[in-house]
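Asks: One structure follows; several queries about it will come next.
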Amino acid sequence: MKLNKQDILKALESITVPGEGQNMIESGAVKNVITFGDEVIVDITIQNPSLQAKKRTEVDILKTIHEQVYEKAKITINVKVEAPENPKANVIKGKPVQGLRNIIAIASGKGGVGKSTVTANMAVTLSKMGFKVGVLDADIYGPSIPIMFDVEAEKPLAVNVDGKSKMKPVENYGVKILSIGFFTQPDQAVVWRGPMAAKALNQMIFDAHWGELDFMLIDLPPGTGDIHLSIMQSLPITGAVIVSTPQNVALADAKKGVAMFQQESINVPVLGIIENMAYFTPAELPDNKYFIFGKEGAKNLAEDLQVPFLGELPLVQSIREAGDVGRPAALQTGTPLEKAFEKITQNVVEEVVKRHDDLPPTEAIKITTMAGCSSVKK
């Protein structure tokens, strides 16, 4: 028997495309029908990517042509799946947490570049500006924030909030703090796999009474691993700040840190790069600068990657000493270090303002003076 193309098309009109509600001809799913004697070839494209939908499509076409056209027809079916583009389908976004207006991730590709030091000093600077600030120490395997805030001997208390028991963050210098270091002994190694570490972080985020915060700073561990993904899946990060030294070894990893946040599936705005240990100035030679780790490496990287350069911090002994004794250097009033941290922190806040101007899902932060800022709703 010689098959007729029009008969085939009419038969296919009686079949509904899986998950689409229209028949195969009306929806445009059937791309081509070729007949030759008792043979027929049907090319069809569906949007449902499941194996079940593909199988059902093939079975329905075979059955319908055999029943309505010719029971002995030799049928070849080419099913192509083209799922509709959905740019938000793979985006990793966490649920908003009530009371947390801006969540800033402080990251570095490499360890030892001063990320925790920058986090601690930025937090106290924001607090001095009048913001309500919290720090989540997400460096599970090397928590150092409790030492830098002189609270390593403290333990979070339990408070009752709306009938639920929640952790109350430890507070010092006007900054609320939670860290895995509060729950381990000083000489105890945290030997956890990724899922266990992620669970501990989620407890410190969602089972804690943070209250109202203008800024939560998250001190991430070095690298681009499981902890970073867990945080970004749990929280809607406002933006990320990358810390690096000027040397090539650190810059190579900082570049990877920027690339992680800029991945299409993550899509967290990079607020900028901070260059730490930019130069060394001896106390006895205050006008001299020695570029021990290289000159302007992070600044040049920021230009290459087209992200803001937030500023540089010198290699100064007192910054290290201040961190070790638990009194961040930004608290040293009337010093060049205080001014350096203030400038960098103001730059971060300004970048948050710009970020909200472009993408305003939360509250924007508006700078009213160079000495302070205020929170305003868009």
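The values are calculated or read from the model by the stated rules, or taken from the named source; none is laboratory data. Fair warning: this is a prediction, and the values are worked out from it, not measured in the lab. In this analysis, Cβ positions are derived from the backbone assuming ideal geometry, glycine residues included, and neighbour counts consider all displayed protein chains. Protein only, heavy atoms only, side chains kept; ligands, DNA and RNA dropped before computing areas. Shrake-Rupley method; radii C 1.70, N 1.55, O 1.52, S 1.80 Å.
Asks: Return only the number of the condition from (1) of a type in the set (S, T, N, Q); (2) touching a residue at least 24 places away in the same chain (Cβ under 8 Å); (3) open to solvent by 10 Å² or more (accessible area, probe 1.4 Å) that Thr245 does not satisfy.
Replies: (3)
Asks: Could you list all residues from segment 8-40 that are assigned to a helix (DSSP H, G or I) and over 16 Å from Thr76 (Cα atoms)?
Replies: Within segment 8-40, the first condition is being assigned to a helix (DSSP H, G or I), and the residues that meet it are 8-12.
Passing the criteria: only Lys10.
Asks: Also, I was wondering about something else. Where residues in segment 138-165 are out of contact with any Phe, Trp or Tyr (no Cβ under 9 Å at 6 or more places or on another chain) and of a type in the set (D, E, K, R), which of them is surrounded by the most Cβ atoms within 10 Å (Cβ to Cβ)?
Replies: So in segment 138-165, the residues out of contact with any Phe, Trp or Tyr (no Cβ under 9 Å at 6 or more places or on another chain) come out as 138-139, 142, 144-145, 147-148, 153, 157-165.
Right, trim to of a type in the set (D, E, K, R) and you get 139, 162, 164.
On the way: Asp139: 23, Asp162: 6, Lys164: 9.
Per the criteria, the residue is Asp139.
Asks: Specify which of the listed residues (Met232, Met216) is under 29 Å from Leu313 (Cβ atoms), at pLDDT 75 or above, surrounded by 20 or more Cβ atoms within 10 Å (Cβ to Cβ) and not charged (D, E, K, R). Can you show your working first?
Replies: Values: Met232 fails: at pLDDT 75 or above.
Testing whether each residue is under 29 Å from Leu313 (Cβ atoms), at pLDDT 75 or above, surrounded by 20 or more Cβ atoms within 10 Å (Cβ to Cβ) and not charged (D, E, K, R) leaves just Met216.
Asks: If you don't mind, there's one more thing I want to ask. Just to be sure, is Met196 part of a strand (DSSP E or B), over 14 Å from Met216 (Cα atoms) and either among the aliphatic types (A, V, I, L, M) or at pLDDT 85 or above (or both)? Please lay out each step first, then the result.
Replies: Numbers: part of a strand (DSSP E or B): no; over 14 Å from Met216 (Cα atoms): yes; either among the aliphatic types (A, V, I, L, M) or at pLDDT 85 or above (or both): yes.
When the stated conditions are applied, Met196 does not pass them.
Asks: For segment 41-81, which positions are at pLDDT 90 or above, open to solvent by 60 Å² or more (accessible area, probe 1.4 Å) and in a strand (DSSP E or B)?
Replies: Ile41, Lys74, Thr76, Asn78
Asks: Determine the pairs where a residue that is hydroxyl-bearing (Ser, Thr, Tyr), located within segment 256-285, has a partner that is buried (at least 23 other Cβ atoms within 10 Å of the Cβ) and modelled with pLDDT under 80 with Cβ atoms under 8 Å apart, the partner being 6 or more residues away or on another chain.
Replies: So the pair list comes out empty.
Asks: Mind counting the residues in segment 207-252 that are under 17 Å from the mean Cα position of the chain (by Cα) and either part of a loop (DSSP other than H, G, I, E, B) or not β-branched (Val, Ile, Thr) (or both)? Spell out how you get there, then give the answer.
Replies: Initially, segment 207-252 is screened for residues under 17 Å from the mean Cα position of the chain (by Cα), giving 215-243.
Filter once more, keeping what is either part of a loop (DSSP other than H, G, I, E, B) or not β-branched (Val, Ile, Thr) (or both): 215-217, 219-226, 228-230, 232-240.
Looking only at that region, the number is 23.
Asks: Still on this structure, please answer the following. What number of residues in segment 286-304 are more than 24 Å from the chain's Cα centre (by Cα), closer than 14 Å to Asn248 by Cα and free of Cβ contacts under 8 Å to residues at least 40 places away in the same chain?
Replies: First pass over segment 286-304, keeping only residues more than 24 Å from the chain's Cα centre (by Cα): 286-297.
Checking which are closer than 14 Å to Asn248 by Cα leaves us with 291-297.
Restricting the remaining residues to those that are free of Cβ contacts under 8 Å to residues at least 40 places away in the same chain gives 292.
Residues flagged as more than 24 Å from the chain's Cα centre (by Cα), closer than 14 Å to Asn248 by Cα and free of Cβ contacts under 8 Å to residues at least 40 places away in the same chain within segment 286-304 amount to 1.
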